[in-house]
């Protein structure tokens, strides 16, 4: 038997603004009468300053694998890439080439470009 799904609230809308720093306060004042809450977002590079560009493909691989709930061994079986190579890629000891990125992208349901 199908269960009813919960419908998302339609009486509110989330808006995000990118404005020059000099205009930020003016925009805050302009939208303040309408705002239910104000949140501030931080760019991910500021939140994780220790992640370098060289580390990024491995971090993306580990994250995509975690999102899909796939172990390194399972990913190795899906892609034909040895499990130790996957481990080395995640630990920034082996680069991820384009052909390998395509295989990983298909197996993990993400664009291969995130691994390059």
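Since every read-out is calculated from the coordinates, none of them should be taken as a lab result. All of these numbers come straight from a predicted model, not from anything done at the bench. Note that each Cβ is placed from the backbone with ideal geometry, even for glycine, and that neighbours are counted across all protein chains shown.
Is there a residue in region 49-65 that is part of a helix (DSSP H, G or I), over 16 Å from residue 94 (Cβ atoms) and within 25 Å of the chain's Cα centre (by Cα)?
Initial filter on region 49-65 (part of a helix (DSSP H, G or I)): 56-65.
Pick out the ones that are also over 16 Å from residue 94 (Cβ atoms) and you get 63-64.
Next, only the ones that are within 25 Å of the chain's Cα centre (by Cα) stay: 63-64.
The answer is yes, given that some residue of region 49-65 is part of a helix (DSSP H, G or I), over 16 Å from residue 94 (Cβ atoms) and within 25 Å of the chain's Cα centre (by Cα).
If you check residue 82 against the conditions, is it farther than 26 Å from residue 50 by Cα and either buried (at least 19 other Cβ atoms within 10 Å of the Cβ) or free of Cβ contacts under 8 Å to residues at least 60 places away in the same chain (or both)? Working first, answer last.
Values: farther than 26 Å from residue 50 by Cα: yes; either buried (at least 19 other Cβ atoms within 10 Å of the Cβ) or free of Cβ contacts under 8 Å to residues at least 60 places away in the same chain (or both): yes.
The answer is yes for residue 82.
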- Query: Quick one: in region 86-105, which of the residues that are out of contact with any helix residue (DSSP H, G or I) (no Cβ under 8 Å at 6 or more places or on another chain) and part of a helix (DSSP H, G or I) is nearest to residue 70 (Cα to Cα)?
  - Reply: 88
